[in-house]
Amino acid sequence: MLNDEAGAVTVALAGVVFAVLVLGIVIGGTGQVLAARFQAATAADAAALAAASATFRADPYEEAVRFAEANGAHLVSCECRPDRSWAPRIVETVTEVTVDVLGLGVRRIRARGRAEYVPLAVP
């Protein structure tokens, strides 16, 4: 009778270990996605801010690319035309971060950034 109980404990323990492993993979994957989303959002905001002020003096697209890459992302798009006027303008960017999520494979996480530039407000 003692052997039957030992076998049941082993099966139950194996089930608990399996559940803990699955839970660990889910939590790890969720953490990877959240970190990638934060990185993409940071890169999109940085690219938009850099491109916004560059619309007045330089090539805003190059600035957006530079800041997106400096933050570990790829610039997907930038609505940022050069404009030497004193009129306010809005720049919008989209960045992408590629992440290999545990158990799900490679995923692309995108984020949007937006910045307004008012040349007359700059000291």
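The values are calculated or read from the model by the stated rules, or taken from the named source; none is laboratory data. What you are looking at is a predicted structure, and each value in this text was computed from that prediction instead of being measured. Note that we place each Cβ from the backbone using ideal geometry, even for glycine, and neighbour counts take in every protein chain shown. Ligands, DNA and RNA are stripped out before the accessible areas are found, and what is left, the full protein with its side chains, is counted by its heavy atoms. Shrake-Rupley method; radii C 1.70, N 1.55, O 1.52, S 1.80 Å.
Taking the 1.4 Å solvent-accessible surface of region 6-45 as the whole, the part contributed by carbon and sulfur is 85%.
Subtracting the Cα-Cα distance of residue 122 and residue 76 from 0.36 nm times their residue separation leaves 13.7 nm of extension gain. Taking the charge dipole of the chain about its Cα centre, with +1 at Lys and Arg Cβ atoms and -1 at Asp and Glu Cβ atoms, the residue from 20, 43, 113 reaching farthest to the positive side is 113. For region 13-84, the list of trypsin sites (Lys or Arg not before Pro) that fall in a loop by DSSP and count at most 11 other C-beta atoms within 10 angstrom reads 84. A simple spin-label model places the labels of residue 25 and residue 87 5.5 nm from each other, with each point 7 Å out along Cα-to-Cβ. With semi-axes defined as the square roots of five times the eigenvalues of the C-alpha gyration tensor, the equivalent ellipsoid of region 19-72 measures 36, 7, 4 Å, largest first.
Per residue, region 8-80 exposes 58 Å² of solvent-accessible protein surface, assessed with a 1.4 angstrom probe and all protein chains in place.
Since only 82, 52, 31 are under comparison, the one whose Cα sits farthest along the positive direction of the charge dipole of the chain, derived from C-beta charges on Lys, Arg, Asp and Glu, is 82. Treat the chain as a sphere of radius equal to its Kirkwood radius over Cα pairs and apply Stokes-Einstein at 10 °C in a medium of 1.306 mPa s; give the translational diffusion coefficient in µm²/s, rounded to a whole number. D = 93 µm²/s.
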